[in-house]
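The values are calculated or read from the model by the stated rules, or taken from the named source; none is laboratory data. Note that the coordinates shown come from a computational prediction; the quantities given were computed from them, not determined experimentally. When we count neighbours, we look across all protein chains shown, and the Cβ atoms used for this are built from the backbone with ideal geometry, even at glycine.
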């Protein structure tokens, strides 16, 4: 077998990158659990029927088939392309065994048959949180999920050096109410065109609104004026009111969005923005919508998106409304690790290498290692009874900070300091115990 | 959408089962890292060329194809059916960036299109450790991986109540040397028939050896006598010697197996057995072979198997010998969780529910929760300002042990005890902080 080549779109980390990923995932899980989210994992496959329900995404699905199975659409399976479809199915399947509101997090790979490019992969890891209710779900959960995600991303920033983020938030009710207050019936048609603002600019959007939808120039300008509003605090409310449109749904949306921005700014100052042009496409969102950019990596697009859906799932009798966000872990980490922005302080968990004097005394080295591990110190025994210089080089190549000698001494190979030590008592400095994430 | 049904062979856990799985996986990872194994993850897919190299398993492979891709064998992908094939590919692909001997653990789902039955799934989780060398790999690593796995499984037993195991170990060199010492050339043919002992019994195997291979009755009896030997210590060596066969390869195998059993018995007394009938099929193993049964669940077959392979991977110039073991995590956990042998002490991470007096004072409850979380206490705020009795019931249904009142008191809802408490100082007993694995 000649040396295999990487598969485009299927990124893999070397051990150092994986250590960064492990720390980041542990940090996310810790935040989610501090907020009472329970972990679930769903199977990698869903029925094609379930995956293609929404229609629009079917070309990206990977179909899965046993090698010798006959091609047969019935009961066919595909790899999940997000964690929302599987979660909705899990909720319906297990509704009798869950207690609502049900708060879950889910960190798993997803697959999309897209053309790979920077920030877009065929296999990538997502970290989702959602809160789902039975029949109803209070609006304060929209506030809560934003706060949890901002806290999680801020922890990644302060603890591991992941760049800071800006979360942009909007509310579908706000826009719908505003358009209705202007006498517009087909609010989705307007939203669809306003969604193109970043791509084609305000004058072109104005043309679409007047030419395609037949809005008056004045009404179109009002729509553009709404979309131009953004603020890091509640001041957007006043600016919307200054546009002089009144509608109950608009008021509801304003109040909900103000609550999200107020709480988000308190949880992570400077990281949240009400941005009234955010639409998040035309999919199932019905209230709050969120998207998030990472400072210096705006070209990657949103690294964390989500929203409120009044019918995450429904079995015909009961409807399950939900609100949630999804962090694109691979989209965040692959560029940071590839550029060396994030790295690991060593490439192995090992803190101590126990040197071996001679193969005949390997058992003694093993016994020392066992005593160190019993106190939680990751320890390896040298694989060969080479000269000590070579054993120290073995440690050095892996970044292992300490080498232990059967003579009862431990050497910090970075400083060269060597001191007598007792394998039942010696402890490394806490920072040396595990590999750390370091900024390149 | 009506209620979906589970897919046979694709097990999923409810949140309590997932908590058990999380703890078990964390316990395994902790042991592996204490021994210096670095985590890696590989992509879910490999090229079909890579997956079907060994030929025998191809009918179980799941092929993966984009929905609108044209059927085209070239460059086709399949889901990995174990973690050894992907690891071998990873080692070859990254050999220039790894340092050898390379110690890795890998905990990932694998997929096989087999007919589902108890203990056999189409999607299941494996936890593998392997040590791989460049050109050579010392025999003491065969000892080491057995010790690490026994330590890991013993920890699952003592900390989480997973049943104890017995690991059966043999050595291919020992058998090959013995057969050669008897004048047999085709040792694999003998091994293949001896491997049927458990299924068809000694007299039938003897018939196969004499009738199909033309061995004399005396030689066949010697082969059966070897296979009948087992011991929890090194005494098997003496019993093999009593059979009066001498061969260098036999001696090498005896010494290697004795070292594994000696170290294994020291690491986890009573959990390892030299068993000279263990063959592990005819695949790539070339030295030590391991298989493991769980007490009371012997009908599931081996829950942890592996061995030494002198050529885990090769790029034509360099050969990478390896030794490793794979724990069938799903095979272990699904029956234990389904039977209720293992359960979680609660179904959410949450330790404290902060009650809400009225929706107008939700922000005060949020502030209390933030103070508790700042000290690492998983905390939720009640979703509705219901009567306190109903809020306590919310906690009770999830197993949340404490309810916090804005009045500055905390109630242990199990005992009913309610005491004044300061959100900046109060700590629950350590056992209550996180959900625990409990024995049903």
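So the values come out like this:
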read-out	value
Residue identified as assigned to a loop (DSSP other than H, G, I, E, B), under 17 Å from residue B:40 (Cα atoms) and at pLDDT 95 or above among B:99, B:110, B:91	B:99
Candidates B:190, B:166, filtered to the one that is away from every other protein chain (no Cβ under 14 Å) and under 30 Å from residue B:9 (Cα atoms)	B:166
Residues of region B:344-391 satisfying the condition of being assigned to a strand (DSSP E or B), more than 8 Å from every other protein chain (Cβ to nearest Cβ) and under 30 Å from residue B:162 (Cα atoms)	B:344, B:352
Tally, over region B:1-21, of residues that are farther than 14 Å from residue A:42 by Cα and either surrounded by fewer than 18 Cβ atoms within 10 Å (Cβ to Cβ) or facing chain A (nearest Cβ under 7 Å) (or both)	3
Residues located in region A:33-53, provided they are in contact with a helix residue (DSSP H, G or I) (Cβ under 7 Å, 6 or more places away or on another chain), more than 8 Å from chain B (Cβ to nearest Cβ) and assigned to a helix (DSSP H, G or I)	A:51
Looking only at region B:392-422, and only at residues there that are within 14 Å of chain A (Cβ to nearest Cβ) and assigned to a loop (DSSP other than H, G, I, E, B), the one that is nearest to residue A:143 (Cα to Cα)	B:400
Test: residue in region B:115-138 that is within 8 Å of chain A (Cβ to nearest Cβ), modelled with pLDDT under 95, touching a strand residue (DSSP E or B) at 6+ places or on another chain (Cβ under 6 Å) and surrounded by 18 or more Cβ atoms within 10 Å (Cβ to Cβ)	no
Residue B:312 within 12 Å of chain A (Cβ to nearest Cβ), assigned to a strand (DSSP E or B) and within 30 Å of residue B:154 (Cβ to Cβ)	yes
Subset of region A:5-32 (residues that are over 17 Å from residue A:336 (Cα atoms), in contact with a helix residue (DSSP H, G or I) (Cβ under 8 Å, 6 or more places away or on another chain) and assigned to a loop (DSSP other than H, G, I, E, B))	A:5, A:6
Of residues in region A:398-421 being under 44 Å from the mean Cα position of the chain (by Cα) and exposed (fewer than 13 other Cβ atoms within 10 Å of the Cβ), the one nearest to residue A:433 (Cα to Cα)	A:414
Residue B:432 being touching a residue at least 12 places away in the same chain (Cβ under 8 Å), at negative phi and out of contact with any helix residue (DSSP H, G or I) (no Cβ under 6 Å at 6 or more places or on another chain)	yes
Lone unmet requirement of (1) modelled with pLDDT of 95 or more; (2) surrounded by fewer than 22 Cβ atoms within 10 Å (Cβ to Cβ) for residue B:363	(1)
Qualifying residue in region A:276-284 (condition: surrounded by fewer than 20 Cβ atoms within 10 Å (Cβ to Cβ) and within 14 Å of chain B (Cβ to nearest Cβ))	yes
Looking only at region B:78-88, and only at residues there that are surrounded by 23 or more Cβ atoms within 10 Å (Cβ to Cβ) and in contact with a helix residue (DSSP H, G or I) (Cβ under 7 Å, 6 or more places away or on another chain), the one that is farthest from the other protein chains (Cβ to nearest Cβ)	B:80
Subset of region A:298-323 [modelled with pLDDT under 95, buried (at least 17 other Cβ atoms within 10 Å of the Cβ) and more than 19 Å from residue A:175 (Cβ to Cβ)]	A:300, A:312, A:313
Among (1) over 18 Å from residue A:145 (Cβ atoms); (2) in a helix (DSSP H, G or I); (3) more than 10 Å from every other protein chain (Cβ to nearest Cβ), the one test that residue B:340 misses	(2)
Residue check for residue A:332: outside any helix (DSSP H, G or I) and within 34 Å of the chain's Cα centre (by Cα)	no
Output for region A:157-194, where each listed residue is touching a residue at least 24 places away in the same chain (Cβ under 8 Å) and in a loop (DSSP other than H, G, I, E, B)	A:161, A:162, A:163, A:164, A:182, A:183, A:184, A:186
Every residue from region B:109-127 that is closer than 24 Å to residue B:23 by Cβ and out of contact with any helix residue (DSSP H, G or I) (no Cβ under 6 Å at 6 or more places or on another chain)	B:109, B:110, B:118, B:123, B:126
Selection within region B:351-375 - touching a helix residue (DSSP H, G or I) at 6+ places or on another chain (Cβ under 7 Å) and within 20 Å of residue A:38 (Cβ to Cβ)	B:351, B:352, B:353, B:354, B:373
Some residue of region B:140-156 being crowded, with 20+ Cβ neighbours inside 10 Å and without any contact (Cβ under 8 Å) to a residue 60 or more places away in the chain	no
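Residues checked against (1) in contact with a strand residue (DSSP E or B) (Cβ under 9 Å, 6 or more places away or on another chain); (2) on the phi < 0 side of the Ramachandran plot:
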| site | (1), (2) |
| --- | --- |
| B:224 | no, yes |
| B:248 | no, yes |
| B:280 | yes, no |
| B:303 | yes, yes |
| B:316 | no, no |
